[in-house]
Amino acid sequence: MRQPLAPADYASSVVAVPPIALNADHSVNASANEAIIKHIEAGGVNILLYGGNANLYHFGLDDYRASMEAIKASTAPTTHLITSVGSDFGKAMAQVPIVRHLGFSNVMVLPTSFPADPAGVANGVRKLAAAFGSGLILYLKRENYVEPDELAKLISEKAVSFVKYAVEKSEAADDPYLDAVLSAIGAEYLASGMGETPIHDHLGKRKLTTYTSGAVCIAPTAASELLELYKSGRTAEAFELSKPFLHFEKVRMMLGGLQVLHDGLRLSGVADTGPLMPMVSNLPTDKLARASDAVEALKSAEEQAVSRSLANRRRGVHVS
């Protein structure tokens, strides 16, 4: 069994959030998922989180088990795997025996919307952590999903081991809830959880530990460089490198976050991801060109980052 992730582990890598490739009959495409994983690992990313982008919300228990078995079999021994459970409490409790049997040490609780309230979420997470036998990753997707002081208690009780913060704001710098969460638990337990869009603030200014990304599945070397630039304080260079990532995220916002990433992996040539699990649809034909343009920009950024990495290795230089 792989060991639970510590904050220092998160600090060392971007967290890739890949889709799950499926065959035409919606069964798991093991070889395509392996191709995605190997591409991500080759770019220096060693944390993979299967959750929202993988559309696990709509996987039944048998499909969930099959997909996690295939993914676990495809990763390198040095890669840390995070799976997700939920989003409703009953489904999460039914998935806990599966993840325990498969040997997962890191599990995220997908955010639930209705019906739920802050105290109920906190108590539900406690029950799930007790059933799992270890702390869980909490996904904060909306304002006051859990009260900051209660979140601090969950961490002190070891019911929560880490937090993915993904409350969308029109201006990332104006986020009182994030400020309150930071004050309660500190930056070491927090990952920015909305791709590259807010990281100039979340990493460059607020100093969150890492960030989660879908685009990293296409451009892992560039994403790894981006994280290192922000961590070393080279924010102007980081912002310049982030431009194709930011454009990709804008296209995802316009056309559908899951759809653009899922079909974008196919358009990139990394792997044929096939259909999405219902109730989410693939991109319509008339939207593919716009997604493809964004993918090509990411591929160009990745090629340039790989060239820089190779040149730095020859000179014995580290990016930071």
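Here the Karplus relation 6.51 cos²θ - 1.76 cosθ + 1.60, evaluated at θ = phi - 60°, turns the backbone of segment 230-236 into coupling constants of 5, 5, 8, x, 8, 6, 5 Hz, with x for every Gly and Pro. With a cut-off of 9 Å between beta carbons, the residues surrounding ALA76 carry a summed charge of 0, where Lys and Arg count +1 and Asp and Glu -1. Just tell me which aspartates and glutamates come within less than 20 Å, Cα to Cα, of LYS127; anything on the same chain fewer than 8 places away is out. Candidates past the 8-residue exclusion: ASP88, ASP117, GLU147, ASP149, GLU150, GLU157. Along segment 135-147 the Karplus relation, 6.51 cos²θ - 1.76 cosθ + 1.60 evaluated at θ = phi - 60°, assigns HN-Hα couplings of x, 10, 8, 9, 9, 8, 10, 9, 3, 6, 4, 9, 5 Hz to successive residues, with x for each Gly and Pro. The ellipsoid that matches the Cα gyration tensor of the chain has semi-axes, each √(5λ) in whole angstrom, of 28, 24, 19, with the longest given first. Under 5 Å between amide hydrogens, built in the peptide plane, is the criterion, and for MET194 it picks out THR212 among residues at least 5 positions away or on other chains. In order along segment 20-27, the phi-based Karplus estimate (6.51 cos²θ - 1.76 cosθ + 1.60, θ = phi - 60°) of 3J(HN,Hα) comes to 10, 6, 10, 7, 4, 8, 6, 7 Hz; Gly and Pro are listed as x.
Amide H contacts of TYR139 (H built 1.01 Å from N, in plane; Pro and chain starts excluded): VAL109, LYS164 sit under 5 Å, all sequence-distant by 5 or more or on other chains.
Largest GNM mean-square fluctuation among SER224, SER300, SER242, using the chain with Cα springs under 10 Å: SER300. Can you give me the C-alpha center-to-center distance between segment 109-174 and segment 231-301, rounded to a whole angstrom? When both Cα centres are located, 28 Å separates them. For segment 127-220, the set of trypsin sites (Lys or Arg not before Pro) satisfying both a DSSP loop assignment and a count of at most 15 other C-beta atoms within 10 Å is given as ARG142, LYS158, LYS205, LYS207.
Excluding THR273 itself, what net charge comes from residues whose Cβ is under 12 Å from its Cβ, given Lys and Arg +1 and Asp and Glu -1?
Value of the local net charge: -1.
Proximity of backbone amide H atoms, modeled 1.01 Å from N, is registered between HIS80 and ILE47, LEU48 at under 5 Å, excluding neighbours fewer than 5 places apart on the same chain.
Excluding GLY51 itself, calculate the net charge of residues whose Cβ lies under 12 Å from the Cβ of GLY51, where each Lys or Arg counts +1 and each Asp or Glu counts -1. Intermediate values should be presented prior to the final figure.
Values: positive: LYS141, LYS164; negative: none.
It works out to a net charge of +2.
Among ILE71, ILE218, the ranking by other beta carbons within 10 Å of each residue's beta carbon, starting with the fewest, stands as ILE71, ILE218.
Bear in mind these aren't lab numbers, they're just calculated from the coordinates by the rules spelled out. Source: prediction; values computed, not measured. Positions of Cβ are backbone-derived with ideal geometry, glycine not excepted, and every protein chain shown enters the neighbour counts.
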